[in-house]
Amino acid sequence: MAKKSKITQGSGNIFEDLGLDMPQEHYVKAHLVILITKMIEAQGLTQAQAATQIGLRQPDVSKLLRGRFEGFSLERLLYFVRALGSDVEIKIKRSKPKHEGRILVAA
């Protein structure tokens, strides 16, 4: 007889589902790293070239592109986006009543 599996719907933020501290910040950083990776690929840069452009060592770029973004502040990741040739706009708006605000990354 087949065993029934329990399915739990996720929150939409894997970092929250895993119970990590500051899940919203991890979520935003992960999206920025994905964006940085796409920018590097779109420009046809090697990791060494990207490192020079954003001011890191190549091994650090390698770690970043593999999703190892601990130790990088949100501000620093936004700097990398700028160094790769994109503008960064920050927009503040009211959240829904009685709801905590959220942070989104749109490219």
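The values are calculated or read from the model by the stated rules, or taken from the named source; none is laboratory data. Because the structure is a prediction, the values reported are computed rather than measured. In this analysis, Cβ positions are derived from the backbone assuming ideal geometry, glycine residues included, and neighbour counts consider all displayed protein chains. Just so you know, the surface numbers come from the protein's heavy atoms only, side chains and all, with ligands and any DNA or RNA stripped out. Shrake-Rupley method; radii C 1.70, N 1.55, O 1.52, S 1.80 Å.
Once R0 is set to 25 Å, what does the formula 1/(1 + (r/R0)^6) return for the Cβ-Cβ distance between ALA106 and SER62, expressed as a FRET efficiency to the nearest 0.05? Kindly include the intermediate steps, with their values, before the conclusion.
Numbers: r = 27 Å, r/R0 = 1.07.
The computed FRET efficiency comes out at 0.40.
Once phi is turned into ³J(HN,Hα) by the Karplus curve 6.51 cos²θ - 1.76 cosθ + 1.60 with θ = phi - 60°, what whole-Hz value does each residue of region 80-95 show in order, with x for glycine and proline?
In residue order, the calculated couplings are 4, 4, 5, 5, 8, x, 10, 7, 10, 10, 10, 10, 10, 9, 5, 8 Hz.
Please pull out the direction-averaged projected area of region 1-92, using the convex hull of its alpha-carbon atoms, in nm² to one decimal place.
Values: hull surface 35.4 nm².
Result: 8.8 nm².
Which percent of the accessible heavy-atom area of the chain goes to carbon and sulfur, probe 1.4 angstrom? Present the calculation step by step, with values, prior to reporting the outcome.
Details: 4590 of 8680 Å².
The C+S portion of the solvent-accessible surface of the chain is 53 percent.
Tell me, what is a quarter of the convex hull surface for the C-alpha atoms of region 38-107, in nm² with one decimal?
Details: hull surface 22.5 nm².
For region 38-107, averaging the hull's shadow over all directions gives 5.6 nm².
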